[in-house]
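Please read the structure below before turning to the comments.
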Amino acid sequence: MSAINEWTRRNRLIAFFALTFLLSWWPWPFYALGAVPTAFFACGPLVAALVVIGVAEGRHGYRDLGARMIRWRVGWVWWCVAIGTPLAVMALAATANVTVWGAPAPVLADVSWGALAVALAVRFVNPLDGPLGEEPGWRGYALPLLQVDRTPLAAGLVLAPAVALWHLPLVATGQLAPIALVVTVAITLVYVWLFNRTGGSALMTMVFHIAQGTGYAVFGFGGADAARMDWLTGALWCALAIALIGLDRAAWRRAPTSAVAASPAKTPIPVYHPEG
């Protein structure tokens with residue numbers, strides 16, 4: 001066991017990625033045979049992070065991850081960004097879908113807002129769903145490790161294809177459109193930007209994920225109109241990622257210290273204090 005612990009300490013990223021894919025993908029072949037009801041477990045990144053931390057870091061690692069997951073004092077502007085950006089992308093795509101392609105206009109009065117609020121709250125605490133199943137792993141654990149010896153842009157370009165590939169079972173089983181893999185690459189870069197601009201707050205990326213994953217089913221789109229929304233929102237996310245890289249270059253050169261992983265030996269992550 002000491003040899004396994006030592007190898008894991010030296011190769012935390014490899015161990016995390018390997019375990020994430022193993023835990024998430026193991027049902028896929030059994031699903032194809034009709035033996036299990038799902039092809040994919042979204043909680044793979046969460047469980048992988050907890051296991052690797054337990055083997056390689058111990059209590060201080062859990063403390064660091066926990067600090068990122070509850071880092072809420074980032075300034076009200078960033079709360080607005082985390083919630084408002086995904087909603088704005090959805091609203092712009094829906095507007096284009098209606099005005100340019102003639103999709104039926106959503107009737108917001110018909111939306112069950114109470115049920116939607118409950119669904120969003122459940123996503124906050126359900127480890128089998130994307131936000132809680134993914135964010136502690138991808139952003140709370142893997143991204144700070146990647147940024148130890150990489151710029152945020154380089155770290156994002158490593159993380160983005162890994163996250164996209166991780167979704168492959170959902171595409172293969174028809175639960176996601178193939179375009180989602182390309183969009184995931186772009187949106188992962190947006191997550192990197194938000195994580196670093198909020199001083200390493202995985203809480204903000206989780207809030208962002210919940211808002212982004214609300215889905216345009218709430219607008220009542222179906223059939224070709226819903227498929228078109230995949231392309232419209234995808235184009236907007238790609239455009240936003242490119243704009244952030246081009247317009248906020250400082251954010252991609254160096255991550256804040258609070259968004260970089262500590263040594264596995266004993267050093268805790270610094271506390272982030274938002275400006276103002």
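Values quoted throughout were computed directly from the atomic coordinates according to the rules given, and no laboratory measurement underlies them. Keep in mind the model is a prediction, meaning the values are calculated, not measured. So basically every Cβ, Gly included, is an ideal-geometry build from the backbone, and we count neighbours across all protein chains shown.
In terms of overall dimensions, the chain has a Cα radius of gyration and Dmax of 19.1, 63 angstrom. Using every Cα-Cα pair within the stretch 91-160, state what percent have a distance larger than 15 Å. Tail fraction, whole percent: 71. Computed from the Cβ-Cβ distance with R0 of 22 Å, the FRET efficiency linking Leu87 to Ala227 stands at 0.60.
A simple spin-label model places pseudo-atoms 7 Å from Cα toward Cβ; at Val98 and Arg254 they are separated by 4.7 nm. Only Cα pairs under 8 Å and 6+ residues apart enter the sum, and on that basis the relative contact order of the chain stands at 27 percent. Annotation: the residues Glu135, Glu6, sorted from fewest to most other C-beta atoms within 10 Å of their own C-beta, follow the order Glu6, Glu135. Label separation (Val148 vs Phe30): 3.3 nm, computed from points 7 Å beyond Cα along the C-beta direction. An oblate overall shape is assigned to the stretch 182-230, the ratio a/c of its alpha-carbon gyration tensor axes (a ≥ b ≥ c) being 1.5 or greater and a/b not exceeding b/c. Take the Cα radius of gyration of the stretch 162-267 and divide it by 2.2 N^0.38 Å, N being the number of residues; the result is 1.25. Calculation over all alpha carbon pairs of the stretch 37-88 in 10 angstrom steps from 0 returns a P(r) of 20, 30, 31, 18, 1 percent. Counted without the sites themselves, the longest stretch of the chain free of trypsin sites (Lys or Arg not before Pro) in a DSSP loop having at most 11 other beta carbon atoms within 10 Å is 1-252.
Summed over qualifying helices (DSSP H, 4 residues or more, each -39500 (n - 2.57)) and divided by its residue number, the chain shows a 222 nm mean residue ellipticity of -20000 deg cm²/dmol.
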